[in-house]
Amino acid sequence: DVKVTQSSRYLVKRTGEKVFLECVQDMDHENMFWYRQDPGLGLRLIYFSYDVKMKEKGDIPEGYSVSREKKERFSLILESASTNQTSMYLCASSSPSGIFNEQYFGPGTRLTVT
Amino acid sequence: RKEVEQDPGPFNVPEGATVAFNCTYSNSASQSFFWYRQDCRKEPKLLMSVYSSGNEDGRFTAQLNRASQYISLLIRDSKLSDSATYLCVVISSGGYNKLIFGAGTRLAVHP
């Protein structure tokens with residue numbers, strides 16, 4: 001059974017803080033993704049990675065960076081958190097050879113920036 | 001205009017009802033189409049893929065109309081456990097098979 005875990009379910013940070021969100025998957029998937037989900041907007045892709053040390057910008061990368069030093073781990077970094085980054089953050093992984101390109105999601109981290 | 005658009009609902013239906021959701025997409029070069037289901041405060045999970053010929057999985061039927069660029073999901077004999085948000089998902093024509101998500105349609109099935 002595929003498992004994607006995220007380091008925190010809930011997080012409260014102050015404006016200007018550096019924030020790290022960690023994601024780990026145990027299925028040896030090549031692809032990993034970070035999304036944010038906001039009411040009425042759906043899931044929007046922030047960054048994705050198709051291999052270790054590789055990263056690609058998604059649709060809304062501004063204010064974020066990522067790190068993928070190991071295949072199973074993909075980190076999202078908010079260099080200087082702002083209130084408009086308050087959101088639900090979802091990590092996902094997939095295999096390029098997987099059926100339907102199915103993405104497996106972690107449980108999400110609800111981040112509040114005050 | 002959003003790349004994938006859905007009626008947000010909510011659709012409030014009694015148990016046993018048949019309910020249909022539609023979704024439209026703007027990129028005619030889109031390759032593949034899916035429905036994901038997201039329960040309240042949970043992560044999205046793949047429900048089913050959508051084929052041009054239409055496909056059925058138990059009480060669920062998905063259809064694709066490429067000419068009109070819309071996708072539908074039909075749920076027959078609704079159960080309380082079907083209450084969730086249904087996300088329409090399209091794979092863009094760009095590289096890396098990025099998924100483009102609609103904002104979701106909320107379904108509430110009541111006794």
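For segment A:57-67, the criterion of being modelled with pLDDT under 95 and more than 14 Å from residue B:98 (Cα to Cα) is met by none of the residues. Among the residues making up segment A:9-32, those that are surrounded by 14 or more Cβ atoms within 10 Å (Cβ to Cβ) and polar (S, T, N, Q) are A:25, A:31. Considering only residues in segment A:56-75 that are buried (at least 20 other Cβ atoms within 10 Å of the Cβ) and either of a type in the set (A, V, I, L, M, F, W, C) or touching a helix residue (DSSP H, G or I) at 6+ places or on another chain (Cβ under 9 Å) (or both), the one that is nearest to residue A:15 (Cα to Cα) turns out to be A:64. A single member of A:47, A:104, A:35 is within 28 Å of residue B:4 (Cα to Cα) and at pLDDT below 95, and it is A:104.
Within segment B:41-69, being within 17 Å of residue B:91 (Cβ to Cβ) and either exposed (fewer than 13 other Cβ atoms within 10 Å of the Cβ) or of a type in the set (A, V, I, L, M) (or both) holds for B:46, B:47, B:48, B:50, B:51, B:52, B:62, B:64, B:66. Does at least one position in segment A:12-32 carry a residue that is in contact with a Lys or Arg (Cβ under 6 Å, 6 or more places away or on another chain), more than 12 Å from chain B (Cβ to nearest Cβ), assigned to a strand (DSSP E or B) and more than 26 Å from residue B:92 (Cα to Cα)? Yes, there is a match, as at least one residue in segment A:12-32 is in contact with a Lys or Arg (Cβ under 6 Å, 6 or more places away or on another chain), more than 12 Å from chain B (Cβ to nearest Cβ), assigned to a strand (DSSP E or B) and more than 26 Å from residue B:92 (Cα to Cα). For segment A:33-45, what are the residues that are in contact (Cβ under 8 Å) with a residue 40 or more places away in the chain and surrounded by 14 or more Cβ atoms within 10 Å (Cβ to Cβ)? A:33, A:34, A:35, A:36, A:37, A:43 - these are the residues of segment A:33-45 that are in contact (Cβ under 8 Å) with a residue 40 or more places away in the chain and surrounded by 14 or more Cβ atoms within 10 Å (Cβ to Cβ). For segment B:42-101, the set of residues classified as touching a helix residue (DSSP H, G or I) at 6+ places or on another chain (Cβ under 8 Å) and at positive phi consists of B:97 only. Would you confirm whether or not segment B:88-105 contains a residue that is more than 13 Å from chain A (Cβ to nearest Cβ) and either under 13 Å from the mean Cα position of the chain (by Cα) or aromatic (Phe, Trp, Tyr) (or both)? No. Is it fair to say residue B:30 is within 27 Å of residue A:4 (Cβ to Cβ), of a type in the set (Gly, Ala, Ser) and either in contact with a Gly (Cβ under 8 Å, 6 or more places away or on another chain) or more than 11 Å from every other protein chain (Cβ to nearest Cβ) (or both)? Yes, satisfied.
Being of a type in the set (Ser, Thr, Tyr), more than 24 Å from residue A:35 (Cα to Cα), touching a residue at least 40 places away in the same chain (Cβ under 8 Å) and surrounded by fewer than 21 Cβ atoms within 10 Å (Cβ to Cβ) is a property that residue B:72 has.
On the stretch given as segment A:76-99, residues that are surrounded by fewer than 18 Cβ atoms within 10 Å (Cβ to Cβ) and either closer than 15 Å to residue B:44 by Cα or within 10 Å of the chain's Cα centre (by Cα) (or both) total 2.
For segment B:13-67, name all the residues that are without any contact (Cβ under 8 Å) to a residue 12 or more places away in the chain and within 12 Å of the chain's Cα centre (by Cα).
B:45
The values are calculated or read from the model by the stated rules, or taken from the named source; none is laboratory data. Please read these numbers as outputs of a predicted model, since none were measured by experiment. Heads up, the Cβs are rebuilt from the backbone with ideal geometry, glycines too, and the neighbour counts pull from every protein chain shown.
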